[in-house]
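A short worksheet on the structure shown next.
The values are calculated or read from the model by the stated rules, or taken from the named source; none is laboratory data. None of these values were measured; they are calculated from a predicted model. Virtual Cβ from ideal backbone geometry, glycine too; neighbours counted across all protein chains shown.
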Amino acid sequence: MARVVTLNVGEKSVEMPVTEGTEGELGFDITKLRAETGYVTYDPALGNTGACKSAITFIDGDKGYLRHRGIPIEQLAEKSDFIEVAYLLIFGKLPTADERKKFSQRLGANAALDPAFKKVFESFPHDAAPMAALSAMINTASCFDSTVADGDDEQFAEAAARLISKTRTIGAYIYRMTNKLPYVEPDPKLPYVANFLRMMFSTPGTQYEVHKEVTDALDLIFLLHADHEQNCSTSTVRMVGSSKANLYASCAAGVCALWGPLHGGANVEVLEMLDVIHKGGMTAEQYLEQVKEKKVLLYGFGHRVYKNFDPRAKILKESSDKVLAKIGVKDPLLDIARKLEALALKDSYFVDRKLYPNVDFYSGIIMKAIGIPVNMFTVLFAIGRMPGWIAQWKEQRDENVRIARPRQIYTGPTKSDYLPVEKRK
Ligand code: ACO
C-alpha cells in the first residue's frame, strides 16, 4: 500500500504521499499543502527540501558516500577519467569504446573559439576576476548557438560536447588574457586535459611538454568535481533552466553561484588562509583559536551534507602526497594543512559540529603544485563541474518540470499609503 504522511493543521488535515528513493531516502510530497491548508513550508537555505528527483548522483553525508549513476567515486577515481565520467553523468551509462571515441572527437572538434571571442576577451581589463570573465564568455558562447533549448538528443549531445570543450578553452584563455599572453589555438589531436595545459602554459616558439603526472593530477581534480547533486550552483542551474533558459545561460548562472567563497570559491580561500598562517608566522593552534572565537572560518572544512569525511577530500589528500613527491615540489603549506586537519579532527569545536575536510581543503595544494595560479582555482572547479551541470539541466529538461517559483513569508509593512514628497520626514 502506498505510504502517506498525514499532517493536521488546525481543523484541516492533509495526506501527503511518501516518495522513496532507490537508496531509501524518504520525502513526503507537499505539492498540495498550500492549496489544501493555506500553509507553505518555511525552510531557509532549503536544508530540508527535496527540490527534485534525480538519478544522477547519490550522496550519503553521514557515511561519506558519493556515487555517480551508482558507481562509487573511489572506483571512478582509480579506474576512470574525467571525460568518461562526464559521459556517465550526462548520458547515464559508461560509454562503449565507440561512444567514447565519438564523444572525444566531438570535444576535439569543438575546442576552438570563434575569432570574435578574442575581441570580447580584449575588451576586459587584465585584472578582471576570472570567474566574471568565465560566466560572461559562456554567455558569449550562447550567442553562437541558439538551438539547444529545444534541440533533439543529437543536437543536445553536440551542444554538451561544445560547452565542455569550449569552457576548457575559455578557461585557458582567461589565464592568457589576465597574464597578457598570446592565445594558443587548441590542438584537436590532444586529449582534453593535455590540451588545456598546453593552451595555458605554452610559450611562443617552444613545444609545450605535457607531463603525465601533471595531466593525471588535473584529470583527477576535474573528475572529483564533476557533479555533487543539488548544491548551490547546481540548484542555480536548475532554477534558471526551469524557465527554459538555454544550456549556456543556465550554466553561466551556475558559474556565478560557484564563485562565492562558501562554495567553489573556498578553494581560493583555503590557499589564502594557509598563506596568511605561513607568512604571518602564526601557528596552526593560533589560527584554530581564532576560528573557535568565530573571527575566521576554517576554509575547506564543513559541508551542508557531509557530516563525515568528504570522500573527495580523502582521495585528494592521498593524491597530494604522491603528486608533490612525483613532481618534486615541497610545499610548506601542505604541512600547515596537515597540522590544521590533525588538530581540528580532535578538537571538540569541530568534532561536536561534525566538521570534516571538504574537497577544497587539498585541491588547491595540488593545483598550486602543478603551476595553476590561485585566482584560477575556481575556474578549474567550474571546468570540472560543467558535465554535472549539463547532466542536471538535461534531466530537468527531459522531465519537463514546471518553472521553479518558491514562496515566501512576507515580513514587511502591512498596507500603507503613498506619501507625497513634501510630507515625508
Ligand atoms: N569553520 C568554522 N566553523 C564552521 C565552519 C568552518 N569551516 N563550517 C561550519 N562551522 C560552524 C558554523 O558556524 C556552525 O556553528 P554554530 O553551531 O556555533 O552556529 C556549525 O559549524 C554548523 O554549521 P553548518 O550548519 O554545518 O554549516 P552550513 O551548512 O550552514 O554551511 C558551509 C556549510 C558553507 C560549507 C560551511 O561549513 C563553511 O562555511 N565552510 C567553509 C567554506 C568552505 O569550505 N566551503 C566549501 C564547501 S564544499 C563546496 O562547496 C565545494
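Here are the numbers for this structure:
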read-out: Hey, G260 within 13 Å of the ligand (Cβ to nearest atom), within 27 Å of the chain's Cα centre (by Cα), buried (at least 22 other Cβ atoms within 10 Å of the Cβ) and assigned by TED's automatic domain parsing to the domain that holds L340 or not; value: no
read-out: Test set (1) under 30 Å from Q396 (Cα atoms); (2) out of contact with any Leu (no Cβ under 6 Å at 6 or more places or on another chain); (3) surrounded by fewer than 22 Cβ atoms within 10 Å (Cβ to Cβ) - D352 fails condition number; value: (1)
read-out: Filtered residues of region 302-321 (kept if part of a helix (DSSP H, G or I) and within 16 Å of the ligand (Cβ to nearest atom)); value: P311, R312, A313, K314, I315, L316, K317
read-out: Qualifying residue in region 320-332 (condition: in the same structural domain as I170 (by TED's automatic domain parsing), under 26 Å from F58 (Cα atoms), among the hydroxyl-bearing types (S, T, Y) and modelled with pLDDT under 95); value: yes
read-out: Condition met for T178 (surrounded by fewer than 23 Cβ atoms within 10 Å (Cβ to Cβ), polar (S, T, N, Q) and in the same structural domain as K368 (by TED's automatic domain parsing)); value: yes
read-out: Residue pairs meeting the criteria (Cβ under 9 Å; at least 6 apart or on separate chains; first in contact (Cβ under 8 Å) with a residue 24 or more places away in the chain and more than 6 Å from the ligand (Cβ to nearest atom), in region 289-300; second small (G, A, S) and outside any loop (DSSP other than H, G, I, E, B)); value: none
read-out: Cβ pairs under 9 Å, 6+ apart, first in region 244-270 and farther than 11 Å from I138 by Cβ, second more than 10 Å from the ligand (Cβ to nearest atom) and basic (K, R); value: K244/R397
read-out: Inter-residue pairs, beta-carbon under 6 Å, first closer than 13 Å to R168 by Cα and in region 178-201, second of a type in the set (D, E) and surrounded by fewer than 19 Cβ atoms within 10 Å (Cβ to Cβ), 6+ apart; value: N195/D187
read-out: Tally, over region 213-237, of residues that are assigned to a helix (DSSP H, G or I) and within 24 Å of S142 (Cα to Cα); value: 7
